[in-house]
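Where a number appears in this text, it was derived from the coordinates with a stated rule and is not lab data. Quick caveat, the model's predicted, so the values are computed rather than measured. Backbone-built Cβ (ideal geometry, glycine too); neighbour counts: all protein chains shown.
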Amino acid sequence: MNKEVRLRMLNKKSILLTLLLIIGLTVPYSLKLLSPQLEPYPAIIFPAGPGKVKGSQDTFDFIASNIYCFDLLTKEWERQDTLSFLSPIPRQYFQAIVKNEFGLNPKLEHTVKFRKGIFPSFTYKNSSALDLANIDHAKAWLRDRLQQHGCMDSSLIVRHTRMSVDLATRVVSEMNVIDEKIFKL
Amino acid sequence: MKRHILFMAELVEETLKRIQRSTVMPAWHSSIFRMLLGTYILLFSASNFSWINDVPQSFFNPAFLSISRLFSGFPPAELLIILDILIILFALFISLGVRSRFSSLAFLLVYIFGNSFRYSFGKIDHGGVMLMATLLCFSFSDWGTQNALLPDKPSSFHPLSSALLGILLSFGMFTAGFEKLLSWVDFDLSTNGFLDWFYNGYFSLGRQELLASSVFHFPPLLLEVLDYSAVIFELSPFLCLIAGPLFWRSWLVLASVFHLANTSLLNIVFITHVPIYCAYFLYPLLEQTKLKKHRHFRKTIRFTYFFTVIISTLHIVLRLSGNGVNSLLILPYGISQLWLSIVLWAGVIILGVLSLLHHRKKPLSSSNFQHNGS
């Protein structure tokens, strides 16, 4: 059969579908590869988690972020259980909410950084954080949570601590506060 | 130029034919899958969006490229309740076979819309990706033409739907494996990727249940093998899909073992893939058991209808009273979810092995590929 006949016999619908499929799959994933902040939703993308650690190390270091509030009973800044403090928000969103400063900072800008600086980074703001009524409501919500946990409701602290775990005993051998932010409510 | 186009086009057609051979699912079998998936969603994965109403609007921080970015905040409570109830109703309709094509697409739209807001705290979850993919692919199939209360008309797209789902699953796995390939395959015994997942989960997220503690006794060589195995496993499904049904189902059995190991060692629950893997084991198993002609088959179908209506009603009552969770109505998160995952994946592995054993006895012929199951 010559090429002309074979070309005419090709299933054009199937070829078009294949092209659409290739575009529909690769464009969103390419965006995620360019910058994790550009990952679109919805898209066919699974979690990758390509990080690695030293296998022969004696200790494992990680950064733990926790909410602290001033306990009215003990008169100390006490660590709170994140899950119950932010309930009903699932725990996995805690880091992102902290990064967003609970939406309390109208000046906060989010940066989209590209891998290896292929393109210049750019920033954007959230429209919800620009509304002062939203910020007041968030403060009231957080104050209510602090009261429920028996704490002073005027402020809370988000503390980032570097924890070193002794891998032989599996207990925390060292804790260092590396950063903390006070939220005045 | 024409020569290249012709070569590419013929290559695509040949590849697609091979994939269709690996993923064959006649209409009758896909209707059983539809019922299974609808019931599974109602039992284990009925999304719940109403809780978003209890969250301050200032927490609204959608991804840069998300549908929810078109909105200025979380939707009002009434809309969230409506989304919850629509999800339950459309899952019920999928299970019962009430205009399944429309119900699947409607479920998909509501699911994407609701999840766009759920993922608007600054983080996108990936647990529901394959559920979306399945509904998208099978919306255009014949899964609603049989064993249905209000059947659909047959579609010419049907033979492609299960093949397309196989391609999407393979691509999803590729996205998980590609970045690992660049980082984990370093031929360096002193670094490890699996341990990064493990340590973070164990110490930072408290994932210390089941067999998690045994990882501390793993020798470095085994840990390195785990890294490379994960990369090979995640990059191989497309090749298995092309290689044939035996390879494809073998990969799915391996994937089920992978999920079982993830649950046991890393305490990561990923149960939305359970019905999807089952779908590919159904064809040989249903052929073998001759379920269609079984005297109790109609009774079982009627019982499933009754069961899903009861479950949906309970879901809706709970949602309207401000309660309700995704899984088994009342099953809390934590250790019970882990055990549920263990039981489900163990069941899928057994089904998979049975389907492989059947394949060895009676390999699928090319005539099976054309079989429409009617």
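Here is how the numbers come out for the structure above:
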{"read-out": "Debye intensity ratio in log₁₀ form over the Cα atoms of the protein assembly as shown, taken at each q of 0.08 Å⁻¹", "value": "-0.61"}
{"read-out": "Gaussian network model of chain B, springs between alpha carbon atoms under 10 Å - residue of B:Leu226, B:Leu356, B:Leu42 with greatest fluctuation", "value": "B:Leu226"}
{"read-out": "Neighbour cut-off at most 13 other Cβ (10 Å), DSSP loop, GluC sites (Glu not before Pro), the stretch A:98-185", "value": "A:Glu109"}
{"read-out": "Span-rule helices in chain B, defined as complete DSSP H runs reaching 20 Å or more along the axis (Cα) with Kyte mean at least -0.5", "value": "B:2-22, B:27-44, B:77-96, B:100-118, B:158-184, B:220-235, B:245-261, B:274-289, B:297-320, B:335-361"}
{"read-out": "Degrees separating the helix A:132-148 axis from the principal Cα axis of chain A, which is the longest one", "value": "50 degrees"}
{"read-out": "In the stretch A:67-112, the trypsin sites (Lys or Arg not before Pro) that fall in loop regions by DSSP, at most 14 other Cβ within 10 Å", "value": "A:Lys75, A:Lys107"}
{"read-out": "Peptide A:35-41, shielding by other chains (average Cβ, 10 Å cutoff)", "value": "6"}
{"read-out": "Tensor-based shape of the stretch B:1-102 (alpha-carbon gyration tensor, a/c under 1.5 rounded, otherwise prolate or oblate)", "value": "oblate"}
{"read-out": "By average C-beta atoms within 10 angstrom, highest first, the peptides B:79-89, A:111-121", "value": "B:79-89, A:111-121"}
{"read-out": "Where only C-alpha atoms are counted, convex hull volume of the stretch B:184-312 per residue in Å³", "value": "160 Å³"}
{"read-out": "For B:10-22, mean number of other protein chain Cβ atoms within 10 Å", "value": "2"}
{"read-out": "Along chain B, longest interval not containing exposed trypsin sites (Lys or Arg not before Pro), exposed being DSSP loop plus at most 13 other Cβ atoms within 10 Å", "value": "B:1-289"}
{"read-out": "Number of partner chain Cβ atoms within 10 Å, mean per residue of B:172-183", "value": "5"}
{"read-out": "Ellipsoid equivalent to chain B - semi-axes via the Cα gyration tensor, in Å", "value": "31, 30, 22"}
{"read-out": "Relative packing of peptides B:210-222, A:40-52 - highest average C-beta neighbours within 10 Å first", "value": "A:40-52, B:210-222"}
{"read-out": "Among B:Gly97, B:Gly206, B:Gly177, residue whose mean-square fluctuation peaks in a GNM of chain B (springs only between Cα atoms under 10 Å)", "value": "B:Gly206"}
{"read-out": "Net charge of Cβ neighbours under 15 Å - reference B:Trp184; Lys, Arg +1; Asp, Glu -1", "value": "-4"}
{"read-out": "Restraint check, A:Lys32/B:Lys17; A:Lys75/A:Lys184; A:Lys32/A:Lys54; B:Lys17/B:Lys293; A:Lys116/A:Lys181; A:Lys116/B:Lys180, Cα-Cα greater than 21 Å", "value": "A:Lys32/B:Lys17; A:Lys32/A:Lys54; B:Lys17/B:Lys293; A:Lys116/A:Lys181"}
{"read-out": "Förster radius 45 Å - calculated FRET efficiency between A:Ile157 and B:Ala243, Cβ distance, rounded to 0.05", "value": "0.20"}
